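Trainee: My structure is below; once you've seen it, I'll send some questions.
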């Protein structure tokens, strides 16, 4: 029969291609008469012949006694087969667990021995057991609640913390619908969400930008955070829910929000107090600053007043002394000419008296003008005037003040009447012409040039006098100020100050150009309106 099997090509191919140990054992000879190559390799031998030459072959790590061996053979003959898991030893001395299966081919003679290596199976079983232990340790002892549901929403497992969170006994939630753990007010909505998740499962957090709540067995509701994941088992979808009770977190958030609101109110109150105190401080500082400014202005005014008084006393004592002395001298000399034939000498001194009195009157008039200007009692009252005629009248009046051979040239072109204050303009021209003649040498020429165009009158008075230094120009319009180069030429230092104020009252401007010993040019620019003279 063995020869028949050996000659069967199909049987031979199956024998050699099997991955287990396959051997034909001859009980009468107590030896293997054939072993496949997988068996040779499994047992660690170099060739089949090496195995076939073994006397009384046995691969057990612990050999059987003769009695045990006889009993085993008897059981196999009686039953026709024999199975056992046993530790086996390879040719190199290492051991492994295998399943030994013996089936009778010819009872009492030939048997087919199969050895299956169980190391991989046992290793897989150990790994599986280890994985199960790990899963149970992670799942059962997790610090968050974990619930696993099938695709129909039925709970298939829940860990200990999930039972505690929802108030159920261990295993009580199994087979419950997941909607029983959702507040009744949103359970119908949750069912739709579950169906949507089943259609498109993905790992994600639930309740984005909104609060989630769960319902305990006793009906109470508590806030939760839930994350979802999934897995498939035997083509069936299972959903895993990771649940965290955030009641304490919410309480802390409420407390924190309350404290923040309280702090914000305190900050707002503090800011308001700071603002109020700052306003009060700024007000006080402003008052102090104003008081300081007022004090500084008062001190400056007092200082200026003192300077003005000093200048006034100095100027008055000088300017009044000269004409008064002339009056006194002339009055004394008149007494010496009692005769009728001495009338011409008396008249000379009388004229000197008149001239001195006029000079005193002019000085007093300037003082009074300054006072009225400071009090705001002088205002401009424009009327329609012929400017060239007014200039000619002023020049005619000033010829008596001209020195020997001094001349005044007029070049004023203003054909239409101008709406101006004639009194103020006359006083300005008289003052400027008087200065031009006073500070110019004998035989010099004073020129008055003017024009009217585009609603503006421009008049220039140019002389050939001593001029004004650069440093004196800055103070030329101050009260009682006189240039350092005027020497003993009479004057109060009020004329140009008054002129500037009059020009300002008429809405005009005043410009001055001068150099020492090169003469001075004063230019007036006055706005006016055209009117027809009645």
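Trainee: Just to verify a number: FRET efficiency for residue 191 and residue 256, C-beta to C-beta distance, R0 = 35 Å, to 0.05? Walk me through the numbers before you get to the answer.
Mentor: Working: r = 35 Å, r/R0 = 1.01.
Calculated transfer efficiency: 0.50.
Trainee: Also: Taking the Cβ-Cβ separation of residue 221 and residue 275 as r and a Förster radius of 51 Å, what is the calculated FRET efficiency to the nearest 0.05?
Mentor: FRET efficiency, residue 221 to residue 275: 0.65.
Trainee: In whole percent, what relative contact order does region 142-245 give with Cα contacts below 8 Å and a gap of six or more residues?
Mentor: Answer for region 142-245 is 30 percent.
Trainee: Among 91, 242, which comes first, second and so on when ranked by fewest other beta-carbon atoms within 10 Å?
Mentor: 91, 242
Trainee: Now for a different question. When 433, 228 are ordered from fewest to most other Cβ atoms inside 10 Å of their Cβ, what list results?
Mentor: By the 10 Å Cβ count, ascending, the order reads 228, 433.
Trainee: How much FRET efficiency would the formula 1/(1 + (r/R0)^6) give for residue 180 and residue 27, where r is the Cβ-Cβ distance and R0 is 56 Å, rounded to 0.05? Before the final figure, lay out the partial values.
Mentor: On the way: r = 68 Å, r/R0 = 1.21.
About 0.25, to the nearest 0.05.
Trainee: Highest first, please rank the peptides 68-80, 417-429 by the mean number of other Cβ atoms sitting within 10 Å of their residues.
Mentor: Going from most to least packed, we get 417-429, 68-80.
Trainee: By count of other Cβ within 10 Å, fewest leading, how are 111, 296 ordered? Before the final figure, lay out each step's value.
Mentor: Details: 111 23, 296 10.
Ordered by Cβ neighbours within 10 Å, fewest first: 296, 111.
Trainee: I've got another one for you. Report the gain in length on full extension from residue 211 to residue 236: 0.36 nm times residue separation, minus Cα-Cα distance, nm rounded to one decimal.
Mentor: Gain on extension, residue 211 to residue 236, equals 6.0 nm.
All of the numbers you see were taken from the coordinates with simple rules; none came from a lab. This one's a predicted model, so the numbers in the text were calculated from it and none came from an experiment. Cβ coordinates were reconstructed from backbone atoms using ideal geometry, including for glycine residues, and neighbour counts include every protein chain displayed.
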